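Down below is the structure, laid out as structure tokens.
Every number here is computed from the coordinates shown, using simple stated rules; none is lab data. Note that the structure is predicted; figures quoted are calculated from it, not measured. A quick note on method: Cβ atoms are made from the backbone with ideal geometry, for glycine too, and the neighbour counts reach across all protein chains shown.
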Amino acid sequence: MWSENLAYALIQVVHNFGAATVLGGAVLVLWPVLRLEYGRPFAWLIIVGWGAQIASGAVFGLTSFYYYGEMPDLSSIAVAALSVKVAAAITGFLLVALYLARGREWDRVRVKHAFQALAALAATALTAAAFLRWFS
Ligand code: HEM
């Protein structure tokens, strides 16, 4: 029990900092002043954040499987919430990867829209996390 709780707590540490990074990173490019000239360094931080969310989310599932031999039996609301999180994480990862690959060719409006979309995806995933937590 102790080792199980420790495993979940350590995964949650990565998951929580990943959540803070994807939302905070995108918001800080947009607010309180527009900092599009720092878009690339923030984008590197954000891609690490989305990667950490995908990896730690998967490790959550693997840890449950290791300790119980099966995946948790989730309610339909929890499954929907988890699906939203997975979709947001994959979309966020791909969007920021696209920006890093091609963003130099984009005009300022497009870059701003990309960071707005990244912030919205992070906020959506965080909202879904609350439903996953309480409807599991
Ligand atoms: C592949 C994507 C993801 C998977 C598989 C995943 C999976 C999970 C799992 C299994 C939990 C534990 C649920 C529980 O305690 O009942 C969790 C918690 C959490 N996740 Fe994710 N997650 C993903 C992406 C994200 C993203 C993108 C964010 C935010 C940007 C996020 C934020 C959170 C938060 C804040 C919690 C803690 C909720 C709480 O205990 O109150 N997750 N996640």
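Taken over the Cα atoms of region 63-136, the convex hull encloses 85 Å³ per residue.
Look at GLU37, GLU105 and count the other Cβ atoms within 10 Å of each Cβ; fewest to most, that gives GLU105, GLU37. The Cα atoms of the chain cover 51, 28, 26 Å along the three principal axes, with the biggest extent listed first.
Could you pull out every whole DSSP H run in the chain that spans at least 15 Å of Cα extent along its own axis and averages 1.0 or higher on the Kyte-Doolittle scale? Helices passing the filter in the chain: 2-30, 76-102.
Each of LEU10, VAL22, SER64 was scored by the projection of its Cα onto the charge dipole of the chain, and the greatest displacement toward the positive side belongs to VAL22; charges sit on the C-beta of Lys, Arg, Asp and Glu.
Summary value for region 26-136: 40 percent relative contact order, contacts being C-alpha pairs under 8 angstrom separated by 6+ residues.
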